[in-house]
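Accompanying notes for the structure given below.
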Amino acid sequence: MSEKEPRQTAALMAQLRQAAPLLAVLLVVLAAWSAWSGWRQWQGERHTAAAEQGRDAAVAATQQALGAERKRLEDRLADPALQGLLATGDLAAAGAALARDWPQLEAATIVPADLAGAYASLEAGGFGRLSALEAALVEDGAVVVVAQVDGAPRVLVTAPARADADVVGVALVQLPLARATAGLEGAPLHAATFLALRQGNHTLLARGDAGLANLAARMAQPVPGTPLRIAAAAPHVDRAPFGLGAWPLLAAAGVLLVLAILAWRLPRGRGAAVQAEDGTPTFAETLRTPAAEGEEGAQAAPVVARNEPKKKAAPASVVLDPSIFRAYDIRGIVGQTLDAGVAELIGQAVGSLMREQDLSDIVVGRDGRLSGPDMVTGLIAGLRKAGRNVIDIGMAPTPVIYFGAFHLRTGCCISVTGSHNPPDYNGFKIVVGGETLSGDAITDLHTRVADDRLYTAPQPGGVSERDIGEDYVRRIADDIQIARPLKVVVDAGNGVAGELGPRVLEAIGAEVVPLYCDIDGTFPNHHPDPSEPHNLEDLVRTVQRFDADLGIAFDGDGDRLGVVTKDGENIFADRLLMLFAADVLERNPGALIVFDVKCTGRLPGHVLRHGGSPLMWKTGHSLIKAKMRETGAELAGEMSGHFFFAERWYGFDDGIYAAARLLEILALDDDPSAVLKALPSGVSTPEIKVPAPHGDPHAFIARVQAESAFDGARLSDIDGVRADWPDGWGLVRASNTTPVLVLRFDADSREALLRIQQTFRQQLLAIDPELALPF
């Protein structure tokens, strides 16, 4: 051993002894953090268990109470005395016998099976009683529902009334709502949790912390034999470090505390620390800086005092960031690139464009983001400044705002929405003269402001308010009624489609189980983007929990659609487009079907086999709509979930209407999931998003188009580079909304998919070896 090694060892030990107090403090901090995290996890687990216990108790009690009422009705209808009255056709006497000695009864009757009288007295009785009577006939058995009767919710129990085997009437028993709510009223409830009895989109009774209401859908359980469910929620606790539970974290805290004590008790030498032979300072010496000890040579930072008078600040001007003007719309971050002042300039620019086209009226609406009201206020001010008349329809899905431009005959509209982006984003989707602005038309709005080409009217335009939600629902329901009831879970991701989406599907005949349909601009449950499979996980679980036929998901502003089957399969939008195309082509042989470059290579063949003409085009809702107008296409779709129906609809992208058309098709078959699973499929990836080199995806794609070589493939460069081989294809394109590259792959087999991915990997890395590819 050399003479130098003992000195180095001694120096190291001295450094460790000097550092022991700091190490002990660090270990104490880590122990406290672990203990706090463990306690939080323990509290979270305790609250979740309490919520589940209360929920399960409420489900059992509610099922027992309502099941007893259903059984009582069945037994009384089978009673020989009542059967005799039914056989004679004396339904009034049979109804009186049915009501005799029924606890808590409010009303009982037996009406003729044709329900003619119920329909004739619809205005007096309301839809609630009628729908309950119809449900008994459809189910061919006793049903229990909660419905509005005379303006208040009541429990209705209905069943077919038979004389021998013939249905001669329908029995209806009306009970107070308390029969349904008693189970929840008596269920155990922890003060930090939330429980609610719900039917459809309505909460019949809620208990506990109302602030958790938006989170309660995830833990909901159905009440068997009824359309009711018990929703439950516990306070959210962030995921523990490394996925540890409460007890491992508390154990870790104990271990860290013991280590801290041991570190603190390490012997610490006095006097000067040993210095390494090479002259470098020890760890302890580095902590004793001259400034800290007041040694000679320590200098304070100079302080410069200025007695100059402060200049008066110039009035702030609105800065219009050109980056918010995207290929399809305008989109930015509120407080950074977007505010009410920017919205006002955009409104005035759009109003100036409208003036040039002699257009005077425009519809404006917004999604549920917290910044929406301020953006709308600024936008309307700018439009009115340019002399345009504004019809404000308030909070509404983007397709409803598009619908407003047709329904109110303005030809112009602006949807204030951040679409599927995070909560701090917002933006504008703009239609002028029936055309959705995109590309140069969008950038021209910025140029107008920059060049001060904004029109200011002598008198501001007018503003009025209008609610067209019911008109939208009625327009769809008048066209679509499904052949049989389907049970559908609707996940709106707390987006703006949460109110109208379920209403539309219920109006066409579906039974809807709402999931995250409370509109909340913070999106507390998951990101409202159905094109990302992980955002559909709660929907899949809820479909299976409620034994639903299908799961439907909408994005943040309701113009996109996602679908999952009963067994949890995510049906990508390009496969849904195959189903829609086959349906449209039955009535419109030879029709043109437009699809974007991200759709499967099986789609063109499927369209051709059904007698249609396929056309691939650039990705982007405004670009697809422009192509439809140019070509007269009857239908279009994008891999992102935008669907555009010109047949029987207006040609704009509408996730809610697309869901109605989907149910119309699936209700014709006994097994909707089998219909969807039978659509042509292979091995495919969802969209893969990769950060673009230097934040410029378009420059990188230009290099790919110029420098890459995909041997044996048929190439398309209308939007990025798509390479098609006989057994599959791959795509790389520039996103027009974020600084990323978008890739997708699809093939007949796993082997072909991997080969195509490897080919793309080689070509892309040859251009930029630092590109982070996840395949």
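The values are calculated or read from the model by the stated rules, or taken from the named source; none is laboratory data. Everything numeric in this text was worked out from a predicted model, so none of it was measured. Here Cβ is always computed from backbone atoms with ideal geometry, including for glycine, and neighbour counts include all displayed protein chains. The area values use the complete protein model at the heavy-atom level, side chains included, leaving out ligands, DNA and RNA. Shrake-Rupley method; radii C 1.70, N 1.55, O 1.52, S 1.80 Å.
List the strands (runs of 3 or more DSSP E) that sit entirely inside region 426-543 and contain at least 3 residues that are crowded, with 19+ Cβ neighbours inside 10 Å. Even if it seems obvious, please write down each step before you answer.
Numbers: elements: 463-465, 487-491, 511-515.
Counting at least 3 such residues, we get 487-491, 511-515.
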* Exclusive hit being of a type outside the set (D, E, K, R), within 30 Å of the chain's Cα centre (by Cα) and more than 26 Å from D559 (Cα to Cα), set L379, L320, L370 -> L320
* To do: Go through (1) within 29 Å of M628 (Cα to Cα); (2) at pLDDT 95 or above one by one and return the number of the condition A381 breaks.
  => (1)
* Structure fact -> Taking region 585-617 and keeping residues touching a residue at least 24 places away in the same chain (Cβ under 8 Å), surrounded by fewer than 18 Cβ atoms within 10 Å (Cβ to Cβ) and of a type in the set (K, R) leaves R587
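From I391, I333, I414, grab the single residue that is surrounded by 24 or more Cβ atoms within 10 Å (Cβ to Cβ) and more than 13 Å from V496 (Cβ to Cβ). Give the steps one after another, and end with the answer.
On the way: I391 fails: surrounded by 24 or more Cβ atoms within 10 Å (Cβ to Cβ); I333 fails: surrounded by 24 or more Cβ atoms within 10 Å (Cβ to Cβ).
From the options I391, I333, I414, the qualifying one is I414.
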* Asked: Hey, among A142, A161, which residue is open to solvent by less than 20 Å² (accessible area, probe 1.4 Å) and either under 25 Å from G84 (Cβ atoms) or not hydrophobic (A, V, I, L, M, F, W, C) (or both)?
  -> A161
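Considering only residues that are small (G, A, S) and open to solvent by less than 20 Å² (accessible area, probe 1.4 Å), look in region 42-64 and name the one that is nearest to L175 (Cα to Cα).
Initial filter on region 42-64 (small (G, A, S)): 44, 49-51, 54, 57-58, 60-61.
From what's left, open to solvent by less than 20 Å² (accessible area, probe 1.4 Å): 44, 51, 54, 58.
Details: G44: 38, A51: 28, G54: 24, A58: 19 Å.
That would be A58.
From V376, V400, which residue is surrounded by 24 or more Cβ atoms within 10 Å (Cβ to Cβ), aliphatic (A, V, I, L, M) and in contact with a strand residue (DSSP E or B) (Cβ under 9 Å, 6 or more places away or on another chain)? Give the steps one after another, and end with the answer.
Details: V376 fails: surrounded by 24 or more Cβ atoms within 10 Å (Cβ to Cβ).
Just one listed residue meets the conditions, V400.
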* How many residues does region 626-659 contain that are crowded, with 24+ Cβ neighbours inside 10 Å and either free of Cβ contacts under 8 Å to residues at least 40 places away in the same chain or not in a loop (DSSP other than H, G, I, E, B) (or both)? -> 11
* The one condition in (1) hydrophobic (A, V, I, L, M, F, W, C); (2) touching a helix residue (DSSP H, G or I) at 6+ places or on another chain (Cβ under 8 Å); (3) touching a residue at least 60 places away in the same chain (Cβ under 8 Å) that A93 fails to fulfil -> (3)
* Wholly within region 692-775, which strands (runs of 3 or more DSSP E) include no fewer than the required count, namely at least 3 residues that are in contact (Cβ under 8 Å) with a residue 60 or more places away in the chain and among the polar types (S, T, N, Q)? -> none
